[in-house]
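J.: This is the structure, below, for whatever I ask next.
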Amino acid sequence: MADLIYVIITGVIALAAGIIVGRSMVAKANKEKDKDREEKARLIIKEAEITAENIKKDKILEAKEKFLKLKAEFEEEASRKKNLIITNENKIKQREQQLSKELEKISRKESEVDELKEKYNLQLENVNNKKAELDKFNAQKVSILEKIANLSADEAREQLMETLKDEAQSKASSFIKDIIEEAKLTATKEAKKIVVDSIQRTATEHAIENCVSIFNIESDDIKGKIIGREGRNIRALEAATGVEIIVDDTPEAIIISGFDPVRREIARLSLHRLVVDGRIHPARIEEIVSKTKKNIDEEIVEIGERTVIDLGIHGLHPELIRMVGRMRFRSSYGQNLLQHSREVANLCATMASELGMNPKQAKRAGLLHDIGKVWPEEPEKPHAILGMELAQKYKEHPIICNAIGAHHDEIEMTTMLSPIVQACDAISGARPGARREVMESYIKRLKELEALAVGFEGVHKCYAIQAGRELRVMVDADNVTDERASQLSFDISQKIEKDMQYPGQIKVTVIREMRSVSYAK
């Protein structure tokens, strides 16, 4: 038992000693670690101080370099400005020297002028003295002459003035009369010269357009295709274009008859496309005619643009360009309107140049002088007034508007350009063979015939064919019955008999076509 207690006590003491020894060892180890940490911290701080010192030195060096660079630039700039100042000072000194020399010259001139002035005053005094002596002598001479002539000086002067006045009036009247006679002869001669020169320089060939177009074909076999079974193709083509297609024994040719040049051109182009395509039937004919009408509209614009380019006219409104193109398919008393307007434009430009006026403005007025004839609505106004209103609408110059409106004396002429346009229009229309009044009245009668029929209710389209001897009326099948179509034919014929004058007789044909259309969906 005593041994056990001893062992326990020994163990406790050993444990306590171990704990103490262990703590001392741990404390010693921690102390060594702290020393290492402190050493590392000192090293880091020292390295940081060294790095900071190096950075500081670099910045200082960089700042010094920048300072030296700026200093050098400043010194260079200061040196340049200093040199500039020195140069300017030298120039100023030179200028001062020049001014000093000029002042010296001016001083010398002033002294010379003073000397001349003194000499002049002396001469003037001598002249005044001599003038006084001369006046005294003249007075004595006049007094002696008055005694001899029994007239005072004023009376003699008045008599002399009256004599000279009468003589001057007589000579002036004779001189003025000679000038007027010479001016009349010269003006007449110059006017004739200008007109003749203008006509010669602007001479063009004239062709009278008729109401027939010829469509050439390669062989007569195509005529059968164009006619179609029982004539349905040719009827469809005539109904779609409003012209008469004449297929006779003429070799390799088909005649297209119609008073409207646009319709004839549409029919000709449609025939050409149908023949080239080879598919000729009513539905295809209607399709081709529709496309051709659109192409004709494009061609009208192209013709107008080409015309204004050829004439050198710029800035024309697009709608006026379209109307210029429509002139190609319009005639005036048998004379092609576009050709007539182009000729008038060139004549106006030539005359304006001869008279010292603006040729471009004159050419523009000449081209547009008959623009009212192609207005599609065709109101009751004279074409000159209508053309003037159209020009005003599309912002043309007032001088051009007055020239258009006054070329047939509908309004007063206010500018020199107006009589030039009027004269050139007369020159162009007065050429032998240029116009046919019969042609114009014929076309006017056919248009009135078509307009009369279109005025009836239910009429869709109307075409005058065979030189006005037949009127084909297309009616709307949905609104006009067969009985109404027969009555409509009679009513139109009675209206024609009542309101129109025409040779022979007119056949009125009312066509009512029923179509049933369905769609498979």
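J.: Keeping every protein chain present and rolling a 1.4 Å probe, give me the accessible area per residue for region 1-146 in Å².
T.: About 96 Å² of surface per residue is accessible.
J.: Could you tell me which of rounded, prolate or oblate describes region 240-330, using a ≥ b ≥ c as the square roots of the eigenvalues of the alpha-carbon gyration tensor, with rounded for a/c under 1.5 and, failing that, prolate when a/b is larger than b/c and oblate otherwise?
T.: Here region 240-330 falls in the prolate category.
J.: Another one. Under 29 Å from the Cα of Lys93, which lysines turn up, not counting those fewer than eight places away in the same chain?
T.: Straight-distance partners of Lys93: Lys81, Lys82, Lys101, Lys105, Lys109.
J.: Still on this structure, please answer the following. How high is the relative contact order of region 326-420? Use alpha-carbon pairs under 8 Å, at least six apart in sequence, and give a whole percent.
T.: Working: 133 pairs, mean separation 19.8, N = 95.
This gives 21 percent for region 326-420.
J.: Given an 8 Å cut-off on Cα distances and at least 6 residues of separation, report the relative contact order of region 231-297 as a percent.
T.: Dividing the mean separation by the residue count of region 231-297 yields 34 percent.
J.: Only loop residues by DSSP count here, and only those with at most 16 other Cβ atoms within 10 Å; note down the chymotrypsin sites (Phe, Trp or Tyr not before Pro) in region 449-521 that meet that.
T.: Answer in residue order: Phe456, Tyr519.
J.: Let me ask you something else. Let me know the shape class of region 15-147, please: from the alpha-carbon gyration tensor, a ≥ b ≥ c as square roots of the eigenvalues, rounded when a/c is under 1.5, otherwise prolate if a/b is greater than b/c, or oblate.
T.: The shape class here is prolate.
The values are calculated or read from the model by the stated rules, or taken from the named source; none is laboratory data. Computed from a predicted model, the values in this text were never measured in an experiment. Note: ideal-geometry Cβ built from the backbone for every residue, glycine included; neighbour counts use all protein chains shown. SASA here: full protein model, heavy atoms, side chains in, ligands and nucleic acids out. Shrake-Rupley method; radii C 1.70, N 1.55, O 1.52, S 1.80 Å.
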